[in-house]
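Let me begin by presenting the structure, written as structure tokens, before commenting on it.
The values are calculated or read from the model by the stated rules, or taken from the named source; none is laboratory data. Predicted, not measured: the structure shown is a model, and the values here were computed from it. Counting neighbours? That spans all protein chains shown, and the Cβs are built from the backbone with ideal geometry, glycine included.
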There are 2 protein chains.
Amino acid sequence: MPMPLPTPPPGRQTQAIIEHIAHGTATSRSELARVLGVAPSTVALRINELTELGVVVEDGTGVSRGGRKPRVLRLREDGGHIMVADLGGHHARIGRFTLTGSLVETRSLPVRVEEGPEPTLRTIADAMKAMAAASGGPAGIKGVGLALPGPVDVATGDVKLPSRMPDWPGFGVRAWLEREFGAVAVVDNDANLSALGEHHAQLGPDQHSITVKAGTAIGSGIIVRGELYRGATGAAGDVTHTRVAAAGDEPCSCGNTGCLETIASGAGLVRQLARQGVAVESTADVLDLVHKADPIATTMLRTAGTYLGEVLSSVVNFFNPDCLFLTGGMASSELFIAAVRSRVYEGCHPLVTQNLRIEAARTGPDAGLHGAARLVLDQILGQSRPAGH
Amino acid sequence: MPMPLPTPPPGRQTQAIIEHIAHGTATSRSELARVLGVAPSTVALRINELTELGVVVEDGTGVSRGGRKPRVLRLREDGGHIMVADLGGHHARIGRFTLTGSLVETRSLPVRVEEGPEPTLRTIADAMKAMAAASGGPAGIKGVGLALPGPVDVATGDVKLPSRMPDWPGFGVRAWLEREFGAVAVVDNDANLSALGEHHAQLGPDQHSITVKAGTAIGSGIIVRGELYRGATGAAGDVTHTRVAAAGDEPCSCGNTGCLETIASGAGLVRQLARQGVAVESTADVLDLVHKADPIATTMLRTAGTYLGEVLSSVVNFFNPDCLFLTGGMASSELFIAAVRSRVYEGCHPLVTQNLRIEAARTGPDAGLHGAARLVLDQILGQSRPAGH
DNA sequence: AGAAGTTAGTTCGAGAATCGAAATAACTTG
DNA sequence: CAAGTTATTTCGATTCTCGAACTAACTTCT
């Protein structure tokens, strides 16, 4: 039986080393060798590469464990910037990451996607460059990541359906960014990137999770074995157009009737409230009302959570994830999360719920930024991501 | 940027070679090198290993393409047996595969799982040994695979829930088989193995599929990137306990009410027909009635397909597979499949259905056997499976 | 028929990446 | 300060692959 051990890809180990140093799970060469189960000599090679690359530096010595002191390794935080943005309907969230993958600063700015890609991207790019310049680091922008609201063709970085973003389809967003920055660029759907970011903030590379972004729209991202799952046509994670009995004949933007989004999305809530004579214009308005304990809005939000939970319970039964994360505006309400949680626990098989966690995303509004940075770093440093913690 | 090409695991290539020879996609060393995009010398090495292992032999020469004739390679079909079984409630299907992965013969025999693991496994093992002995090949049984109806702990090979199989949980099926045969043994859920078998009979290693086994019970298996996806607790693929409005308050074995299985499974149909005074005892009886064009049974089967389609449409929307396969007794009715298909196409987003195929499994009742054999061969020959066709 | 060209397959050395053992370095402890 | 311990580097040995050169076996053209 010719069965030589399948040599792990080198990029992968490099990334694992960075993570261990970042998390403090292993801070010296020998510790890394032990944790990774790899020969000390191999670690030494990788560390040499990383120091030459300017990502890792030695930082004095640690405490002895009875023999020679370990030479403590530390990540250099000034090797360059990864600039990322999460684009919403009315504003964009911009973030700056170090090459070692930590989020340094964020900023929100108003944008209007309906003006088309050129002006929107111009605004974002300028803000990114300003932020990078202001940070004063000697090195420049090594990579750019962008999260877009809606289905994205990852190859070109384009929005796939005309939908709410006129002029965007076919523009070639990824190419535009690469030209503009002269650096690696990555574009993906916002729910996908949020899922990727949140997953790796909480779970390991052998686990599975679903992250639902519930705001004005509802989208979700799927992580299988620590990697983004996009499905056959890149449309995986659609929960918003699942039929819900309670939605009746309410028409949906997709052409069908009775979709979840008509009654459980922020946009749906706005419409429902308006019908009852409550003056609201945006999802934020609705959440404000709930914050002020408005009984109608509160009931409605809770009900929306129950409907979402109904849809998610069948998805969770099927997919059996380790964790279900909720993010987006509506997930900021504990009430909403509680409603989802109770409905999912009620509707799922015990074998599926026994270890299931249902929680608000810890990375909150930065989830998408983290995911985008991760994809960019994957491109820069190697391929698939490392063994966790 | 230290980015050496991630050397593909050697087992993988070996398997790819076998598949190409088996499918006739490449029958000589040079052709293999071309198709696999690998150096001729490397192919020569692999072929040498395989001939020494007794899996491949040379079989004369082929036609010249203007120069030296290629030496045609062929798989040896007498290198040993892989014996597999798919265990149902009342009968087991047994199959014999060659080491090269092709199914040679099958046989069904009655068993009674409710008598417990020891007698059931005894019956199956004896039948396997008899079949292998009768085939007269010089070599023995190199591996054994078993598909069980119900959730399985893959490590031990045990059924997880008491459910319909008393005395089975905690028995250690895998260990029993390995002791009995002195060979590699693999045990998994029947829907999982059917999914694996059907997927690789039709799709490639970078595609995704769902296979639903609709018979007396309803189960499903999920294939992500050509590999079996089991979920966090090994319970992934549960669609049977999804709530369906039409099921009303019908109590289910899981303790909840309104589960799909109460109105769409074979068992559910039997119960519903019995209530209407139609004398049926098994799923087979129901299908017989449909075959005889019994109006009540036919309508009921079609309705069951619609309900299954309703549940699957939300699953398909979420998972966005390349293909949805249907297997099990009820999938033998084209009526049933048509009902599922139309409901899914109706309820799913166009982005998801544009390339989606919904079909009866081509491997039919042998799907589970193929999947089991594949898992066993993975264990014997290497790890993950090869690049297709 | 024989030379020229083409295709098939093997041999052999270089290169990449790992590991393990031994050497070296730097401590702690008795 | 010697003995034991832990950290790190050095240096083959190993395991894979590839590519180039070489041999083998044809077809075809003249």
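Using beta carbons and a limit of 6 Å, which pairs, at least six apart or on different chains, have the first residue in the stretch A:315-332 and within 9 Å of chain B (Cβ to nearest Cβ) and the second one part of a loop (DSSP other than H, G, I, E, B) and of a type in the set (D, E, K, R)?
Listed by first residue and then by second, the contacts come to A:Asn317/B:Asp238.
Residues being basic (Lys, Arg) and either closer than 23 Å to A:Gly89 by Cα or in contact (Cβ under 8 Å) with a residue 24 or more places away in the chain (or both): count how many of those fall in the stretch A:237-273.
Qualifying residue count for the region: 1.
Please list, ordered by first then second residue, the pairs with beta carbon atoms under 6 Å, 6 or more apart or interchain, first in the stretch B:90-115 and basic (Lys, Arg), second outside any strand (DSSP E or B) and surrounded by fewer than 21 Cβ atoms within 10 Å (Cβ to Cβ).
Listed pairs, sorted by first residue: B:Arg96/B:Met131.
From the list B:Ala155, B:Ala185, which one is surrounded by 19 or more Cβ atoms within 10 Å (Cβ to Cβ) and aliphatic (A, V, I, L, M)?
None of the other options fit; the residue is B:Ala185.
Would you check which residues across the stretch B:348-373 are surrounded by fewer than 24 Cβ atoms within 10 Å (Cβ to Cβ) and part of a helix (DSSP H, G or I) and list them?
Within the stretch B:348-373, B:Pro350, B:Leu351, B:Thr353, B:Gly364, B:Pro365, B:Asp366 meet the criteria.
Quick grid of which residues meet (1) aromatic (Phe, Trp, Tyr); (2) out of contact with any Leu (no Cβ under 9 Å at 6 or more places or on another chain); (3) not in a strand (DSSP E or B):
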| site | (1), (2), (3) |
| --- | --- |
| A:Tyr307 | yes, no, yes |
| A:Leu312 | no, no, yes |
| A:Arg343 | no, no, yes |
| A:Glu346 | no, yes, yes |
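So if I check each of A:Phe325, A:Phe319, which one is at pLDDT 90 or above and closer than 17 Å to A:Leu260 by Cβ?
A:Phe319
Which pairs have Cβ atoms under 7 Å, sit 6 or more apart or on different chains, and link a residue in the stretch A:348-371 that is more than 13 Å from chain B (Cβ to nearest Cβ) to one that is assigned to a loop (DSSP other than H, G, I, E, B)?
Cβ pairs passing all conditions: A:Ala367/A:Ala361; A:His370/A:Thr363.
Tell me, which residue of the stretch B:238-264 that is away from chain A (no Cβ under 14 Å) and surrounded by fewer than 21 Cβ atoms within 10 Å (Cβ to Cβ) is nearest to A:Ala245 (Cα to Cα)?
Among those residues, the one meeting the criterion is B:Asp249.
Residue by residue, here is whether (1) over 29 Å from the mean Cα position of the chain (by Cα); (2) within 16 Å of DNA strand C (Cβ to nearest atom) holds:
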{"site": "B:Leu32", "(1), (2)": "no, yes"}
{"site": "B:Pro40", "(1), (2)": "yes, yes"}
{"site": "B:Gly54", "(1), (2)": "no, no"}
{"site": "B:Asp59", "(1), (2)": "yes, yes"}
{"site": "B:Arg65", "(1), (2)": "yes, yes"}
{"site": "B:Asp78", "(1), (2)": "no, no"}
{"site": "B:Arg93", "(1), (2)": "no, no"}
{"site": "B:Leu99", "(1), (2)": "no, no"}
{"site": "B:Ala133", "(1), (2)": "no, no"}
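Just the residues that are part of a helix (DSSP H, G or I) and within 14 Å of DNA strand D (Cβ to nearest atom), please, taken from the stretch B:38-52.
Matches in the stretch B:38-52: B:Pro40, B:Ser41, B:Thr42, B:Val43, B:Ala44, B:Leu45, B:Arg46, B:Ile47, B:Asn48, B:Glu49, B:Leu50, B:Glu52.
Go through (1) crowded, with 18+ Cβ neighbours inside 10 Å; (2) in a helix (DSSP H, G or I) and name the single condition A:Asp126 misses.
Result: A:Asp126 passes all but (1).
Being buried (at least 17 other Cβ atoms within 10 Å of the Cβ), within 23 Å of B:Thr327 (Cα to Cα), touching a Pro at 6+ places or on another chain (Cβ under 6 Å) and assigned by TED's automatic domain parsing to the domain that holds B:Val290 is true for just one of B:Ala235, B:Ala267. Which residue is that?
The conditions single out B:Ala235.
Quick check on A:Gly226: is it more than 9 Å from every other protein chain (Cβ to nearest Cβ) and within 21 Å of the chain's Cα centre (by Cα)?
For A:Gly226, the condition - more than 9 Å from every other protein chain (Cβ to nearest Cβ) and within 21 Å of the chain's Cα centre (by Cα) - is met.
When you scan the stretch A:89-103, do you find a residue that is at pLDDT 90 or above, touching an Asp or Glu at 6+ places or on another chain (Cβ under 7 Å), part of a strand (DSSP E or B) and within 16 Å of DNA strand D (Cβ to nearest atom), even just one?
Checked against the condition, which is being at pLDDT 90 or above, touching an Asp or Glu at 6+ places or on another chain (Cβ under 7 Å), part of a strand (DSSP E or B) and within 16 Å of DNA strand D (Cβ to nearest atom), the stretch A:89-103 yields no hits at all.
Quick one: would you say A:Val84 is surrounded by fewer than 15 Cβ atoms within 10 Å (Cβ to Cβ), touching a residue at least 12 places away in the same chain (Cβ under 8 Å) and either in a strand (DSSP E or B) or within 16 Å of DNA strand C (Cβ to nearest atom) (or both)?
no
All but one of (1) crowded, with 19+ Cβ neighbours inside 10 Å; (2) more than 11 Å from DNA strand C (Cβ to nearest atom); (3) within 14 Å of chain A (Cβ to nearest Cβ) hold for B:Glu49; state the number of the condition that does not hold.
All conditions pass for B:Glu49, except number (1).
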